[in-house]
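Below: the structure, in structure tokens.
The values are calculated or read from the model by the stated rules, or taken from the named source; none is laboratory data. Keep in mind that what you see is a predicted model, and the values were worked out from it rather than measured. Neighbour counts are summed over all protein chains in view; Cβ atoms, including those assigned to glycine, are modelled from backbone coordinates with ideal geometry.
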Amino acid sequence: MRRPPTLAAAPTPYADVEGRRLLAFCSNDYLGLAAHPDVIAAQQAAAALGAGATASHLVNGHLHLHAALEQQLAEVTGREAALLFSTGYMANMGAIEALLGRADIIVSDKLNHASLIDGARLCGAEKLRFAHNDLEALERQLRRARTKSGSAKILVVVDSVFSMDGDLAPLPQIAELCARYDAWLMADDAHAVGVIGSPQRPAGGSAEFFGLSQQQLPIVMGTLGKALGNFGAFVAGSAELIEYLRQFARTHIYTTALPPAVAGGTLAALRLAGSGELQQRLCTLVDHFRSQAAARGIDLLPSQTAIQPVLIGDEKRTLAIGAELQRAGFMVGAIRPPTVPAGTARLRITLSATHTEAQIDALLDALATALSKNKPVAGAEAS
Ligand SMILES: *Cc1c(COP(=O)(O)O)cnc(C)c1O
């Protein structure tokens, strides 16, 4: 049984957790925008337009602020248009279900997020999977899909930054394979939008980071609840795609539009993320974290993003180390199956632009101690 810890407020990165002050290294607020005073002020100002949107977009819930946010999201990601959804979960379910049917084929990375898996289930298309980031395995599945049906729509879908590993999908190579096999490509930018991008568009996500055109990467799903520190999600792409989803994505149509305050706060967050300063600060901290972990003999996964997992393997040990860190004043995610594959339980450490180098050093000292107190028992490790 899992139990949610109860916090007094969003981590700043300090969090008051059931009466204890802990330093959080587990939130997805990579840029520190959730508690940014400018975001909160904009959000409070927009709340004057109504606590709620009072209806779905197509009835009367679509305010100027929603339209402005859709336009801004399209601009930031370098796409023609964008469509708001209430959560990333709903965006993935709704987009996949609108685009594919029973005669079609969806090809997924094995480590894709649960919401993509559920979208694949919902649409009824045939499901093919490939080993994580394995381009040869992907090509085998694409060949198989095209051999089965010359006319099926094929959708390749991947996390662009994998949520539990922090590594990137090789999107340029995947896009090339998609072009060769006449397949659509969809990237889940939940952990990319806002936090990775190009010098011109530092918040633009994976399409900007890799320089992929709308044709190469036609479907981008992004969330507002992670690096943008807020709530909600969007799909960005061609004007035609977005118009189609506006008409047919059931999780967009049959639900209440986001509260106006969320749109106002997110617009402020996008302005703050637009300068690239916060992302630069985060990059410095990621480098610091990795070099200081190496100096302490702590093994990390090959991630260059704000998600820096420490693979433990055994579930009990992972929980014991997480509890030890909590006693030392730190909050990190202890992630176990089924969220991650069996035998790969881990500490999911995440960094934020609001952390300091000294805070990171303190965490790593505590982690080194916790790891040495909880060494694997020979032969007892799950594999
Ligand atoms: C969090 C997440 C989602 C879901 O987004 P929500 O807005 O939280 O529903 C989708 N995909 C990935 C990869 C995620 O990490």
Among the residues of the range 148-169, what is the count of those that are in a strand (DSSP E or B) and near the ligand (Cβ under 10 Å from one of its atoms)?
3
Could you list, in sequence order, all residues of the range 345-374 that are outside any helix (DSSP H, G or I), touching a Lys or Arg at 6+ places or on another chain (Cβ under 9 Å) and surrounded by fewer than 20 Cβ atoms within 10 Å (Cβ to Cβ)?
Asn374
Boolean, Leu63 is touching a strand residue (DSSP E or B) at 6+ places or on another chain (Cβ under 9 Å), touching a residue at least 24 places away in the same chain (Cβ under 8 Å) and farther than 25 Å from Ser108 by Cα:
no
Here's a check for you: in the range 223-258, which residue that is hydroxyl-bearing (Ser, Thr, Tyr) and within 12 Å of the ligand (Cβ to nearest atom) is farthest from Ala42 (Cα to Cα)?
Thr251
Somewhere in the range 127-147, is a residue modelled with pLDDT of 95 or more, assigned to a loop (DSSP other than H, G, I, E, B) and small (Gly, Ala, Ser)?
yes
Yes or no: Val220 within 16 Å of the ligand (Cβ to nearest atom) and assigned to a strand (DSSP E or B)?
yes
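Table: residues versus (1) touching a His at 6+ places or on another chain (Cβ under 9 Å); (2) under 21 Å from Tyr30 (Cβ atoms); (3) surrounded by fewer than 24 Cβ atoms within 10 Å (Cβ to Cβ); (4) charged (D, E, K, R).
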position	(1), (2), (3), (4)
Ala152	no, no, yes, no
Ile174	no, no, no, no
Asp188	yes, yes, no, yes
Gln200	no, yes, yes, no
Gly204	no, yes, no, no
Val220	no, yes, no, no
Leu228	no, yes, no, no
Phe248	no, no, yes, no
Tyr254	no, no, yes, no
Tell me yes or no: at least one residue of the range 125-142 is away from the ligand (no atom under 16 Å from the Cβ) and touching a Gly at 6+ places or on another chain (Cβ under 9 Å).
yes
Would you please name the residue that is surrounded by the fewest Cβ atoms within 10 Å (Cβ to Cβ), looking only at residues in the range 77-98 that are within 14 Å of Ser238 (Cα to Cα) and away from the ligand (no atom under 12 Å from the Cβ)?
Glu80
Asp287 being free of Cβ contacts under 8 Å to residues at least 60 places away in the same chain, more than 20 Å from the chain's Cα centre (by Cα) and in a loop (DSSP other than H, G, I, E, B)
no
Looking at Leu278, is it under 19 Å from the mean Cα position of the chain (by Cα) and away from the ligand (no atom under 16 Å from the Cβ)?
yes
Just to check your reading of the model, which residue among Leu212, Leu177 is in a helix (DSSP H, G or I) and more than 16 Å from the ligand (Cβ to nearest atom)?
Leu177
